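Computed from the coordinates by the stated procedures, all read-outs in this text should not be read as laboratory data. Just so you know, these numbers come straight off a predicted model, no measurement behind them. Cβ atoms come from the backbone with ideal geometry, glycine included; neighbour counts cover every protein chain shown.
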Amino acid sequence: MTSPRNDLEITPKKICAWSITYATAIAVICLLFQQTAFAKGLVLGAVFSVLNFILLGQTLPMALFKSRAKAGMIGVSSILGRYVLLAVPLIIGIKLPSFNFVAVVIGIFAIQITTLVSFFLVGPLLRGRG
């Protein structure tokens, strides 16, 4: 049994790894069906989703134990920076026909999808309620 502190340190790494693994596996399946643009878009979105998640994890502790004004400034700059980061794959998906825009959007939600899947499907199985 792991402590809650270890869960906080391990879980983000696992979620990132699972997100990239799932996106890559789905992309390989898409490639088997000659859906190259969809596969590329999905992987592009997933990579930027993971980068966004990592940046969130890095900036969140920076705002802790700061004054309200300083924490607010860190929060706003974090959000704006991550929005700019997420705009990059969206612009690529719109401008380049070799990337499927819908797949890019789905890939951007890779972390959220993986979190929901692990909570509702994998978690109960591991806890013995499946």
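Going from the residue with the fewest nearby Cβ atoms within 10 Å to the one with the most, L32, L56 rank L32, L56.
Once every DSSP H run of n ≥ 4 in the chain is given -39500 (n - 2.57) and the sum is divided by its residues, what mean residue ellipticity at 222 nm do you get, rounded to the nearest 500 deg cm²/dmol?
-27000 deg cm²/dmol
Looking at region 31-130, which chymotrypsin sites (Phe, Trp or Tyr not before Pro) are in a loop (DSSP not H, G, I, E or B) and have at most 15 other Cβ atoms within 10 Å? Sites meeting the loop and neighbour criteria: F33, F65, F109.
Membrane-span-like helices of the chain, defined as complete DSSP H segments with a Cα extent of 18 Å or more along the helix axis and a mean Kyte hydropathy of at least -0.5, are identified as 4-32, 36-63, 68-95.
Working value for the chain: equivalent-ellipsoid semi-axes of 28, 24, 9 Å, each the square root of 5 times a Cα gyration tensor eigenvalue, largest first.
Computed from point charges on the beta carbon alone (+1 for Lys and Arg, -1 for Asp and Glu), the dipole magnitude for the chain about its Cα centre is near 320 Debye.
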